[in-house]
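S.K.: I have a structure I would like to understand better, so I am pasting it below and will then ask my questions one at a time.
None of the figures in this text is laboratory data; all of them are computed from the coordinates on show. In this text the structure is predicted, and so the values were computed from the model without any measurement. Cβ placement follows ideal geometry from the backbone for every residue including glycine, while neighbour counts extend to all protein chains displayed.
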Amino acid sequence: MKVGERLERLREAGERLAERPPEQVLLALGRVLDGWSAPRSAWREALARALPKATGFSEAMVREGLDRGLAPLTGAALRDVVARELGDGFAGGAPLAASGFPTTGVILAGALPTPVFPAVLAPLVLRSPVLVKTSVHDPVTAAALARSLAESDPELGRCVEVVDFRSPDDAALAAFLEADCIVVTGSDETVGAVARRARPSCRLVVHGHRVSVAALGPEATRGEALAAACEGIARDVALWDQLGCLSPLAVYAVDADPEAADRVAEGLAAALDGAERRWPRGRVEDASAALTAHERAEAEMRAASGRQVVLHAGDAWTVVREDDAGWRPTPLHRFVRVHPARDSDGMARALAPLGPQLAGVAVAGFGGEASDVAHALARLGAARVCAPGALQTPPLGWPADNQGWLTPLARLSSRELDMDPPGE
């Protein structure tokens, strides 16, 4: 069936969905989330078996990532987010009412399965049927979620259509962009291409390129606190092979001690080596492997020239102790740079150019300064500030791209009429 035909079928399903009470839809979606997050979820087990072949991730890593990533996605969490973002407007009877668009198109990107769940479910909360374009890197998760919806609530299942087409299929993309609301996730190039073709009348919600880092203050750059922080950061790096926006690419050792960065690099190298044994790295394309080899050689050359750069490397991970706080890109696939920063102000100056792209920061070891550091990072643009080890388990409805989960997809209506009966 062609994309345009699927969209028309969704419009018909959406008319029936709009007639269902919002609370009923919310309960149905909550049951599906509880089914996925349950410890012995058959749906999650089936997805865990399918993902390694489809994505190239190792099975052990997939299972760990799904268990951790889906645990916060529960029916109770869904109700909390709805109450926080929509309040009384969810039921439609408040002065400020929220509703979804007749259709919503969601363009997925990347290989991570867990972001698929909030992306697909958010429009359904607003009773908007969803047309989903799968990512070339993960062709299975969206279809698995759609099947679970159909099994749990057949009428709700008819409100999700999953399509898979590749560029340059201009006809399919044009038909897809006939949806009333478009949500696009991906590189800045992908987002820009969709934005240029989207109709002026549609609602366009974009989630472009984002990065995450970690910051360790003086109380976490030595001893047991350092070991614990490195274990958490290594898990954040290893899960999904550092390919998500919440995967830390760098660690800032914020300490006046000039040896702090060396200790952090050594501790993180040991932790990544342990993570590799528990959750082996998955498939790496030739181009990515070549880029890693290049960056390792480049680090060795800088070290040989007398700069205070140190390379730590295993078969499937890399840590580079840098000699300054300046940001340097990484080739991903478990490649982390450790930067020295004498104080939190120096770290903030180094991160300032990244502000618009800063997704999450894992923070530990700042003691009484922790609140000030968190506020400074938020001012830079960080959408999440959390503990090491928690980056890959974001709560449902976290403010990705510094915006709400539901409100960008909602049509808001302010009801200002005097509702008293005529004549009174």
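S.K.: Among the DSSP beta bridges whose two residues both lie in the chain, what percent are antiparallel, rounded to the nearest 5?
M.R.: Looking only at bridges with both residues in the chain, the antiparallel portion is about 20 percent.
S.K.: Let me understand the stretch 53-93 better: what is its radius of gyration from the alpha carbons, and its Dmax, in angstrom?
M.R.: Cα only, the stretch 53-93: 16.4, 49 Å (Rg, Dmax).
S.K.: In a Gaussian network model over the chain where Cα atoms closer than 10 Å are linked, find which of Leu412, Leu177, Leu249 has the largest mean-square fluctuation.
M.R.: Leu412
S.K.: Counting only trypsin sites (Lys or Arg not before Pro) that sit in a DSSP loop (anything but H, G, I, E, B) with at most 15 other Cβ atoms within 10 Å, what is the longest stretch of the chain containing none of them?
M.R.: That would be 41-165.
S.K.: Considering only Gly157, Gly368, Gly326, give the residue with the highest GNM mean-square fluctuation for the chain, with springs between Cα atoms whenever their separation is below 10 Å.
M.R.: Per the Cα network of the chain with a 10 Å cutoff, Gly368 tops the list.
S.K.: Separate question: Go ahead and estimate [θ] at 222 nm for the chain from helices alone: -39,500 (n - 2.57) per DSSP H run with n ≥ 4, summed, over the residue count, rounded to 500.
M.R.: Helix contribution divided over all residues of the chain: -13500 deg cm²/dmol.
S.K.: So what is log10(I(q)/I(0)) for the chain at q = 0.06, 0.07, 0.10 1/Å, when the Debye sum runs over its Cα atoms only?
M.R.: Summing over Cα pairs of the chain leads to -0.27, -0.37, -0.72.
S.K.: Only Cα pairs within less than 10 Å get springs; with that Gaussian network setup on the chain, which residue of Leu239, Leu291, Leu173 has the largest fluctuation?
M.R.: Leu291
S.K.: Putting +1 on Lys and Arg Cβ atoms and -1 on Asp and Glu Cβ atoms, find which of Thr185, Gly404, Ala352 reaches farthest to the positive end of the dipole of the chain.
M.R.: Of the options given, the answer is Thr185.
S.K.: Net charge around Val184, counting only other residues with Cβ within less than 15 Å of its Cβ (Lys, Arg = +1; Asp, Glu = -1)?
M.R.: +1
S.K.: In Å and on Cα atoms, what radius of gyration and Dmax does the stretch 217-335 show?
M.R.: Computed over the Cα atoms of the stretch 217-335, radius of gyration and Dmax are 13.8, 40 Å.
S.K.: Right, here's the next one. Could you work out how far apart the two model spin labels at Glu416 and Asp188 are, taking each label as a point 7 Å from the Cα in the direction of the beta carbon, and quote it in nm?
M.R.: 3.9
S.K.: Here's another thing I want to ask about it. Taking amide H positions as placed 1.01 Å from N in the peptide plane, with prolines and chain starts having none, which residues 5 or more places from Leu358, or on another chain, fall under 5 Å of its amide H?
M.R.: Val211
S.K.: If you take the C-alpha gyration tensor of the stretch 80-192, multiply each eigenvalue by 5 and take the square root, what semi-axes do you get, largest first, in whole Å?
M.R.: In descending order, the three semi-axes are 25, 16, 14 Å.
S.K.: As I understand it, the value is the acute angle between the Cα axis of helix 75-85 and the longest principal axis of the Cα atoms of the chain; what does it come to in degrees, rounded to 10?
M.R.: It works out to around 80 degrees.
S.K.: Hey, another quick one. For the stretch 15-94, max minus min Cα coordinate along each principal axis, in Å, sorted largest first?
M.R.: Extents along the principal axes: 49, 27, 21 Å.
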